[in-house]
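Here's the structure, in structure tokens; my notes come after.
The values are calculated or read from the model by the stated rules, or taken from the named source; none is laboratory data. Everything numeric in this text was worked out from a predicted model, so none of it was measured. Cβ placement follows ideal geometry from the backbone for every residue including glycine, while neighbour counts extend to all protein chains displayed. Side chains included, ligands, DNA and RNA excluded: accessible areas come from the protein's heavy atoms. Shrake-Rupley method; radii C 1.70, N 1.55, O 1.52, S 1.80 Å.
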Amino acid sequence: MSVKAPSAFAFRRAILPPYARRSKSLEVLIPILYLKGVSTGDFAEALVALLGKDAGGLSASTIGRLKEAWSEEHMRWSKRDLSAKRYVYFWVDGIHVQARLEHDAQCLLVIIGATPEGKKELVGLTDGVRESTQSWKELLLDLKRRGLSLAPELAIADGALGFWQALEEVWPQTRGQRCWVHKTANILNKLPKSQQSKAKRALQEIWMAETKKDARVALDGFIETWGIKYERAVECLIKDRDALLVFYDFPAEHWKHLRTTNVIESAFATVRHRTVRSKGCLSNKTALAMIFKLAEAAEKSWRRLDGHRQLPKVIRGVRFTDGIEIVRSQAQIAAA
């Protein structure tokens, strides 16, 4: 009597975030398993552990067909008509997934937009090089070719992205806000660990200030305090000084949404590469399909922007100072 050799794969539920361990949706579980580097042949065991014995019928061929169907869905979505769309804000980032892509330098380029009604939507998702202006330019031009003719009013992203030069070439009228989460991490990396907690509080005092004037005072204070011993950290702050404070020129209700790219961070935190990547290797096509399905699932729970009724004013060009609308007199309106 032959005995089946035990599988070398031992699924650990701990590799999944808590919400995924509770999920019964294949459109959440399968993409995360793929992006965590679990091979197709080991999916059956993993899904039985998560869903119970009823998941036993999900063979590798069935999962393969799902993967192909999702790739086709992503391709159709990537070619959709955007002529009826308008986005007021863009959040932008490059995501390195934990499973390696075919080309080590490549990552997934992600754009999430805010509609005039305050709804957050996935706008762009493709593969490219995070720091490459050309990759970002191709994505922006593709959006434009498919009908997205009106530029966003503001884009929020990390200062290191090639996105900014691409934006200047495609939509030069769009203003740019640097992400405070990325900037804080970059500054702290240039400080000794013993100083990081104190510096983090000092940086928070800048972007939590009630007015742009107060923020500039706090920023100057940081430069004065840290500049003598930690010149590189201060240089990192100074180079994006103005771009870090652009959010003050938009409605105060929107500030918490505009200071960071947290909408992308939270949606893709479970699969993005931080330090050590999984050994598994994904085709770029597969990675795009999996991220697309995860984003689709996440999009259902994205909250509308606070103060969404202010968005039409932003579109009309109403000016804000320190988050408060500037009300013009009838004489000023007539003279304009």
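Data table
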{"item": "Residue within the stretch 197-210 that is open to solvent by less than 70 Å² (accessible area, probe 1.4 Å) and in contact with a Ser or Thr (Cβ under 8 Å, 6 or more places away or on another chain) present", "result": "yes"}
{"item": "Leading residue by the ranking (surrounded by the most Cβ atoms within 10 Å (Cβ to Cβ)) among those in the stretch 261-294 that are basic (Lys, Arg) and at pLDDT below 80", "result": "Arg272"}
{"item": "The stretch 100-126: number of residues that are over 18 Å from the mean Cα position of the chain (by Cα) and at pLDDT below 95", "result": "6"}
{"item": "So Ser149, is it among the polar types (S, T, N, Q), out of contact with any strand residue (DSSP E or B) (no Cβ under 7 Å at 6 or more places or on another chain), open to solvent by 10 Å² or more (accessible area, probe 1.4 Å) and within 25 Å of Val88 (Cα to Cα)", "result": "yes"}
{"item": "The lone exception for Ala160 - which of (1) modelled with pLDDT of 95 or more; (2) open to solvent by 40 Å² or more (accessible area, probe 1.4 Å); (3) under 27 Å from Leu219 (Cα atoms) it fails", "result": "(1)"}
{"item": "Single unsatisfied condition, Leu191 versus (1) open to solvent by less than 40 Å² (accessible area, probe 1.4 Å); (2) part of a loop (DSSP other than H, G, I, E, B); (3) closer than 25 Å to Phe163 by Cα", "result": "(3)"}
{"item": "Every residue from the stretch 73-83 that is farther than 16 Å from Ile112 by Cα and surrounded by fewer than 13 Cβ atoms within 10 Å (Cβ to Cβ)", "result": "Arg76, Lys79, Asp81, Ser83"}
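Yes or no, residue by residue, for (1) open to solvent by less than 10 Å² (accessible area, probe 1.4 Å); (2) modelled with pLDDT under 60; (3) on the phi < 0 side of the Ramachandran plot:
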| site | (1), (2), (3) |
| --- | --- |
| Ala20 | yes, yes, yes |
| Val28 | no, no, yes |
| Lys36 | no, no, yes |
| Leu51 | no, yes, yes |
| Leu58 | no, no, yes |
| Ile63 | yes, no, yes |
| Leu66 | no, no, yes |
| Lys85 | no, no, yes |
| Gln98 | no, no, yes |
